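The values are calculated or read from the model by the stated rules, or taken from the named source; none is laboratory data. Just so you know, these numbers come straight off a predicted model, no measurement behind them. Cβ atoms come from the backbone with ideal geometry, glycine included; neighbour counts cover every protein chain shown.
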Amino acid sequence: MYNTFLKHGLPFVKKPILMSPFLVTLLICISCQTQNISNNLNNNSLIPYTNVLRESAATYLKSRFHTFTVSYPDSFYDFPNDSTIEIGSGAGHSNLLRWYKFEPDGDTIKILSILFTYNPKIKGNKFPPDEVSIKCTQGIISLSKYCEFKQLIAFIQSAKIVKSIKTEKHIDPVTGKVKMGATTWTTSANFWSNIQVLNKDGNEILSDNFSGYEGSRTEPEYAKSNACIKAANDFLRDIKLIECNLKDKDKIWATSKFKRDYTKFLLGKDYWWIFQRYILMSGIACNIQILPMLKTILLQCENNDPAVSKMKDNISYYAINATTRLTGKDVRIPPIENMDIPVVRKLVLDQLEELTK
């Protein structure tokens, strides 16, 4: 399901819904979560529109449900050559989460991919088994090749998405009369698509983030971020990525990313499952500098913070296990998958209090 999403979009279940009549096509300019402040950058370039770029962008930026149209600017601002691109994606009904990082290093660009997996809960247990793994791969590309990719990403992000609700004739199932209305499509699966661009100082240039369900109502909101993921996936198909172990500097980056994303969006109501997978991943991908963050999260659960209260036992379970991996000290009370969360959480918080003094 996850790989299908990366290439074509998540599998979905069509559910036609007859809406109230519309007499005309309604065009609404959508202001997505994209925050693009590249106009204020130093060392950025104004790039003229080209048919090649438009054709490339149109491959990815198209409406599956015919809910939006796209217009492209005559020119757009490219990201600086020394900017870092981060891409995140995942599917709610799978047990996967992926991070990509494109990081300049002199005249070359280093690519890091982290694919996270975990096993689902076994019937009869309160929690999934404490079995978490990541697969890391890396590669190197030239600056010129990276420039082609980041220009495409910048061009996709510069496009204007216009929501278009088109009416069609429908037969009312009750009266049998013909009515004008709009058919919408929804989905049975949720997903996450995220792209962040940072300058050489680590400051955000652009952030486009979506978590929710695929469908005609939400498609204009995730159109750009989803298009960027598809473009990245196609771009990387021809790049040789070699399996590797995370280096210390990679763990520093993963720790920084967790902290940044926690502050920015992870506590949002549609991001609960992504938040939990970040915590799961932190025990392997981050370093001990993430311990104060795990302590904060456990305290939120302990104090029944509304941001985490609905899933506090699961969040606590994952944070407890991540802390155990990072510290190498196990204060958990077996059986792990059925631990008494309030009791063990208190033990781990006491441990973290000592470690983070």
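For region 307-357, give me each residue that is under 28 Å from the mean Cα position of the chain (by Cα) and exposed (fewer than 12 other Cβ atoms within 10 Å of the Cβ).
310
For region 79-116, enumerate the residues that are in contact with a Leu (Cβ under 8 Å, 6 or more places away or on another chain) and acidic (Asp, Glu).
Result: 86, 103, 107.
Filter region 234-251 down to residues that are of a type in the set (A, V, I, L, M) and farther than 30 Å from residue 61 by Cβ and give me whichever is farthest from the chain's Cα centre (by Cα).
Across region 234-251, the extreme among qualifying residues is 242.
Within region 295-306, which residues are among the β-branched types (Val, Ile, Thr) and buried (at least 21 other Cβ atoms within 10 Å of the Cβ)?
Answer for region 295-306, where residues must be among the β-branched types (Val, Ile, Thr) and buried (at least 21 other Cβ atoms within 10 Å of the Cβ): just 297.
Would you list the strands (runs of 3 or more DSSP E) that sit entirely within region 185-262 and hold 1 or more residues that are small (Gly, Ala, Ser) and over 24 Å from residue 55 (Cα atoms)?
Output list reads 204-213.
From the list 281, 293, 311, which residue is part of a helix (DSSP H, G or I) and either in contact with a Cys (Cβ under 7 Å, 6 or more places away or on another chain) or in contact (Cβ under 8 Å) with a residue 60 or more places away in the chain (or both)?
Selected residue: 281, the only one of 281, 293, 311 that is part of a helix (DSSP H, G or I) and either in contact with a Cys (Cβ under 7 Å, 6 or more places away or on another chain) or in contact (Cβ under 8 Å) with a residue 60 or more places away in the chain (or both).
Between 252, 229, 242, which is within 24 Å of residue 69 (Cβ to Cβ), at pLDDT 95 or above and not charged (D, E, K, R)?
After applying the criteria, what remains is 229.
Pull up region 51-70, narrow it to residues that are aliphatic (A, V, I, L, M) and either in contact with a Lys or Arg (Cβ under 7 Å, 6 or more places away or on another chain) or under 13 Å from residue 160 (Cα atoms) (or both), then point me to the one that is surrounded by the fewest Cβ atoms within 10 Å (Cβ to Cβ).
58
Could you grab me the full set of residues in region 283-313 that are touching a strand residue (DSSP E or B) at 6+ places or on another chain (Cβ under 8 Å) and either closer than 18 Å to residue 356 by Cα or of a type in the set (D, E, K, R) (or both)?
283
Could you please tell me which pairs satisfy a Cβ distance under 7 Å, a separation of 6+ or placement on different chains, a first residue in region 197-221 that is in the same structural domain as residue 69 (by TED's automatic domain parsing) and within 13 Å of residue 66 (Cα to Cα), and a second residue that is assigned to a strand (DSSP E or B) and charged (D, E, K, R)?
220/163
Any idea which residue in region 247-256 is nearest to residue 288 (Cα to Cα), counting only those that are of a type outside the set (Val, Ile, Thr) and surrounded by fewer than 19 Cβ atoms within 10 Å (Cβ to Cβ)?
Looking at the filtered set, the residue picked out is 251.
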